[in-house]
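The values are calculated or read from the model by the stated rules, or taken from the named source; none is laboratory data. Treat the numbers as computed from the prediction; the structure is a model and nothing was measured. Glycine also receives a Cβ, built like all others from the backbone with ideal geometry; neighbour counts cover every protein chain displayed. Only protein heavy atoms, including side chains, enter the accessible area calculation; ligands, DNA and RNA are left aside. Shrake-Rupley method; radii C 1.70, N 1.55, O 1.52, S 1.80 Å.
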Amino acid sequence: MPPYTSPTVINMASDDLILITGATGFLGSATAVEAIQAGLAHRLLLMVRAPNPRQALERLWIQLKQIGASDADLAQLGSQQVLCAELPELAGVAADPRLEQVSAVIHCAALATFTDHPALEKTNVDGTLALAALMEGRPRLRRFLYIGTAMACGSHSAADNSIPEMLSLPLAQEDHLVPYTRSKAIGERRLREHFPDLPLVVLRPSIVVGHTRLGCTPSQSIFWVFMVWQKLGVLTTSLDDKIDVVPVDWCARAILHLALKETLAQPVFHLSAGVQSSRSFRQLDLALAAGGRKGVYGRGYERIEVGQIDQLIPRIKVRIPDCNPRLLARALKLYGEFARLNYVFSNRNLLAEGVASAPPLTEYIGLCATSTQNISIANQMKWDFK
């Protein structure tokens with residue numbers, strides 16, 4: 001992708017700041033790097049969990065370098081751009097004068113896990129509300145971007161599998177396959193209920209996989225599932241069903257664009273591949289085969305029901321010997337349910353704001369495969385099961 005050029009922001013003063021939470025996470029760090037490379041390093045205020053600015057910068061440098069920052073990029077960051085704090089305990093930084101200069105908040109911080117982690121709601125709901133309370137009423141605040149997830153639409157959202165950029169989300173436990181998506185829906189709903197005057201804009205990424213230049217080196221989250229299906233030769237959906245996947249660097253650019261644009265026509269945006277860039281499992285498989293990857297690629301797949309996955313345990317032991325077969329089977333049941341939904345998320349609102357369509361996964365899937373070929377499936381799974 002070409003270098004990012006930020007949109008004109010007429011009402012942004014020369015000393016306005018952009019507060020980014022989750023800057024040591026996958027999406028937050030990618031957004032920080034895009035901002036630095038767009039010439040906005042001096043405007044950044046990065047919230048980092050650390051006891052002091054020196055340790056915060058060390059954490060930042062490690063993560064930002066891993067996701068594409070150069071030494072010259074990192075040299076632009078100093079202690080003045082770090083806010084040492086941990087969600088939801090923000091009372092200690094409430095009087096920091098830099099918060100008075102913040103015109104845009106990009107709230108990326110979240111506990112993204114498919115387990116029922118005991119800190120899930122404390123981080124994703126309580127932490128979100130604490131951040132809103134911290135920023136509410138600040139004189140320069142023009143936009144508060146809440147980064148949710150498109151899968152917060154639940155598992156019964158559309159008969160035709162096409163998901164619009166809707167305002168309301170289901171909150172019932174039975175509507176969500178994992179507690180994570182429900183926690184993000186709750187956080188979004190409570191922001192609107194408790195902070196009606198907050199300049200809230202909700203961004204819901206679809207399935208974020210890899211990086212168009214770095215493959216899965218920064219994070220192996222979710223990509224390992226594609227490799228497992230291929231090694232086992234099965235799917236819980238049709239080969240011609242599509243999956244909505246976006247790369248993290250494109251997603252970061254879209255976030256930055258929407259954070260800085262002077263006006264936005266809508267309050268909710270899917271950061272998604274949509275009908276333009278979603279690809280079928282068959283297309284993904286052929287893209288791997290076309291890249292010279294033989295063996296498990298370019299062959300037929302057996303379609304199975306989610307309830308049949310336990311029958312794959314003997315096959316898992318042979319074909320994926322580096323992981324616990326029963327743990328992997330449990331994970332595949334979960335991902336099999338997601339795949340079976342066959343969702344494509346409308347991105348009409350996003351495209352209307354001038355954001356280019358996402359690069360399809362077929363364009364960089366070979367790079368993702370190369371970057372993970374020496375990493376065991378068991379280690380890759382740790383990205384999603386914290």
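Under 1.5 on a/c is rounded, so check that first for region 1-156, then, if it is not, pick prolate when a/b is larger than b/c and oblate when it is not; a ≥ b ≥ c are the square roots of the alpha carbon gyration tensor eigenvalues. Taking the square roots of the gyration eigenvalues as a ≥ b ≥ c, region 1-156 is rounded. Taking only the Cα atoms of the chain, the ratio Rg/Rh comes out at 0.96, with Rh defined as the Kirkwood radius. The simple spin-label model puts a point 7 Å past each Cα toward its Cβ; for Q76 and H156 those points are separated by 4.9 nm. Of all aspartates and glutamates in the structure, those lying under 14 Å Cα to Cα from K231, and not within fewer than 8 positions of it along the same chain, are D285, E302, D322.
Sorting 30-40, 73-83 by average packing, meaning the other beta carbons within 10 Å per residue, from highest down gives 30-40, 73-83. Secondary-structure-derived ellipticity at 222 nm for the chain, considering helices only, amounts to -10000 deg cm²/dmol, per-run term -39500 (n - 2.57) for DSSP H runs with n ≥ 4. Along the charge dipole of the chain, pointing to its positive end and built from +1/-1 on Cβ of Lys, Arg, Asp and Glu, which listed residue (L327, W250, M135) has its Cα farthest out? Toward the positive end, the furthest listed residue is L327. Packing, taken as the mean count of other beta carbons within 10 Å per residue, orders the peptides 62-68, 147-153 from highest to lowest as 147-153, 62-68.
Working ranking of peptides 355-362, 300-307, 220-227 by packing, defined as the average number of other Cβ atoms within 10 Å per residue, highest first, is 220-227, 355-362, 300-307. Share of antiparallel DSSP beta bridges in the chain, in percent to the nearest 5? Of those bridges, close to 10 percent are antiparallel. Determine the alpha carbon to alpha carbon distance for each of K122/K242; K65/K333; K65/K184; K317/K386; K122/K333 and list only those over 31 Å. Over 31 Å Cα-Cα: K122/K242; K65/K333. Using C-alpha pairs under 8 Å with a sequence gap of at least 6, the mean separation divided by the residue count of region 125-240 gives a relative contact order of 31 percent. With all protein chains kept in place, the per residue accessible area of the chain amounts to 41 square angstrom at a probe of 1.4 angstrom. Would you mind telling me the share, in percent, of accessible area of region 64-120 contributed by carbon and sulfur at probe 1.4 angstrom? C and S fraction of accessible area: 53 percent. Taken over region 125-229, the convex hull of the Cα atoms encloses 151 Å³ per residue.
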